[in-house]
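Below is one structure; the comments refer to it alone.
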Amino acid sequence: MLRVVTFAALGAVLLVVLVVLGACSLGQSSSPAASARMTALAAARFALERDSTIRAKLPNGRVGSISANNPSVPAMDGTAPEWVLGVADPVSFVVYQYAVKDGRVGVVASGTVPLKDNLPLVADLVNGNNLADVMDSDRAIQVTEALGGAEYRKQTGAEILSMFLGGFAGQQLEWNVFYSKPLTDHQATLRIDARTGDRIKVDGDDFPKKTN
Amino acid sequence: MGMATFNWGGTGGVTIPSLYPSTSVPVANAAGRMEDQLRWLALQGASNIVLAGHSKGGALVMEYLCEVAEGSQPMVNDVNGRPLVVAVSAMDSPIGGGPSALVDPAVVPGTDPFLSEFVGFERYRDGRDRLRDAAEKLKGKVDIRIYDNPDDIVSSPGPQDMTRTQPYPGDNGLDVQVTHGEVLRDAATRNDFWQFVHQHEPAAR
């Protein structure tokens with residue numbers, strides 16, 4: 001299957017995109033009570049339970065992912081300055097990326113997807129705010145560290161640069177933890193079952209053999 | 001073959017609603033957003049993705065490509081564990097310099113005010129040509145095609161004494177094909193683009 005993804009342009013040719021992006025910047029709110037660094041599920045609870053931005057726009061939204069990546073790199077304690085929730089609109093087949101940062105929730109990007117009905121969800125807003133029974137980012141890092149991540153960091157000087165919680169259609173939610181030492185060939189992604197912590201796969205040629 | 005779109009540029013608080021948001025967001029800040037969008041496509045079963053970006057969108061595509069090559073972003077895989085992105089293209093994109101690129105970045109890396117402030121694609125960093133390095137590292141994995149519109153004063157290379165002095169990608173022996181023509185208006189160039197897309201369909205690979 002081939003997909004072509006087009007990206008926003010500066011030119012006036014894509015005025016439709018301009019309108020969409022202009023609207024994207026409006027739906028934001030803030031709360032001084034939210035801490036600057038949070039774990040993934042803490043950020044999700046804040047966005048879904050205490051803040052009304054997402055629910056107001058997407059009452060039937062499907063939260064399919066939570067992520068933190070460059071430049072908002074997660075720390076070893078599983079906290080990050082910004083987490084992004086991917087929320088799909090099942091009607092329009094648009095996924096909105098909501099950033100949770102400094103007590104604010106706002107759309108930072110959006111894109112179309114061929115949304116599958118059997119996508120494992122972090123939360124299905126039509127059924128309430130309950131989050132899936134998965135480990136938080138702090139525990140996920142503990143697991144990947146025990147599975148060889150700590151040894152990999154020690155051997156290569158790599159660091160954790162991104163984390164992603166989501167799952168392939170028809171499969172389970174999984175945590176992807178990306179270890180890397182930029183400008184070298186030391187890169188590895190550990191995929192673990194987000195509920196049990198079982199290792200699913202390691203993508204990375206130089207990851208310790210005992211777990212690869 | 002299918003198609004998906006990606007809109008980007010919001011910053012969660014500092015975007016001016018009346019302006020086109022991506023003009024205010026450096027592409028380096030948006031590469032992670034694009035990774036998330038690619039992951040969402042992968043989760044639905046997509047594979048063999050060809051990224052196509054126009055103008056600043058092309059700069060974002062190339063920034064993402066460079067970050068993957070440098071190891072700042074992971075290579076997203078499809079459900080079968082194969083690399084999701086198989087080709088990238090930039091159209092009319094300011095990725096090699098422009099009218100405001102008054103300082104030769106080969107001499108003073110990273111000092112191009114146009115690219116660093118308006119676009120945010122820092123092609124030259126620490127004396128390296130990031131695009132050249134990315135093309136070399138991803139050779140055989142990700143096909144790269146650049147469409148240069150000679151009539152676009154922002155993206156097209158101009159006379160050496162007016163704009164930049166660096167050769168455009170492909171002009172210096174780099175294994176990146178540069179096609180001169182406007183994809184959006186020129187039928188021949190547009191056909192070339194679609195041929196580039198179709199040659200990456202699974203059956204054609």
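The values are calculated or read from the model by the stated rules, or taken from the named source; none is laboratory data. Keep in mind that this is a model prediction, so the values were computed, not measured. Cβ coordinates were reconstructed from backbone atoms using ideal geometry, including for glycine residues, and neighbour counts include every protein chain displayed.
Return the pairs, sorted by first residue and then second, in which the second residue is polar (S, T, N, Q) and part of a helix (DSSP H, G or I), the first residue lies in the range B:44-68 and is at the interface with chain A (Cβ under 7 Å from one of its Cβ atoms), the beta carbons are less than 6 Å apart, and the residues are 6+ apart or on different chains.
Once the first residue is at the interface with chain A (Cβ under 7 Å from one of its Cβ atoms) and sits in the range B:44-68, its partners that are polar (S, T, N, Q) and part of a helix (DSSP H, G or I) give B:Lys56/B:Ser22.
What number of residues within the range A:102-145 satisfy the criterion of being in a strand (DSSP E or B) and more than 14 Å from chain B (Cβ to nearest Cβ)? Full working, then the answer.
First, the residues of the range A:102-145 that are in a strand (DSSP E or B): A:104-112, A:123-124.
Checking which are more than 14 Å from chain B (Cβ to nearest Cβ) leaves us with A:123-124.
Residues meeting the conditions: 2.
Can you tell me which residue in the range A:87-101 is farthest from A:Ile54 (Cα to Cα), limited to those that are of a type in the set (A, V, I, L, M, F, W, C) and either at the interface with chain B (Cβ under 7 Å from one of its Cβ atoms) or assigned to a strand (DSSP E or B) (or both)?
A:Val94
Select from the range A:41-86 the residues that are facing chain B (nearest Cβ under 10 Å) and assigned to a loop (DSSP other than H, G, I, E, B) and list them in ascending order.
Residues satisfying the conditions are A:Asn69, A:Asn70, A:Pro71, A:Ser72, A:Val73.
Please verify whether the range A:26-40 includes one or more residues that are modelled with pLDDT of 95 or more, within 29 Å of B:Val79 (Cα to Cα) and not acidic (Asp, Glu).
yes
Hey, among A:Leu115, A:Leu190, A:Leu119, which residue is crowded, with 20+ Cβ neighbours inside 10 Å and not assigned by TED's automatic domain parsing to the domain that holds A:Ala68?
A:Leu190
Give me a count of the residues in the range A:161-211 that are over 21 Å from B:Leu84 (Cβ atoms) and more than 10 Å from chain B (Cβ to nearest Cβ).
So the answer is 11.
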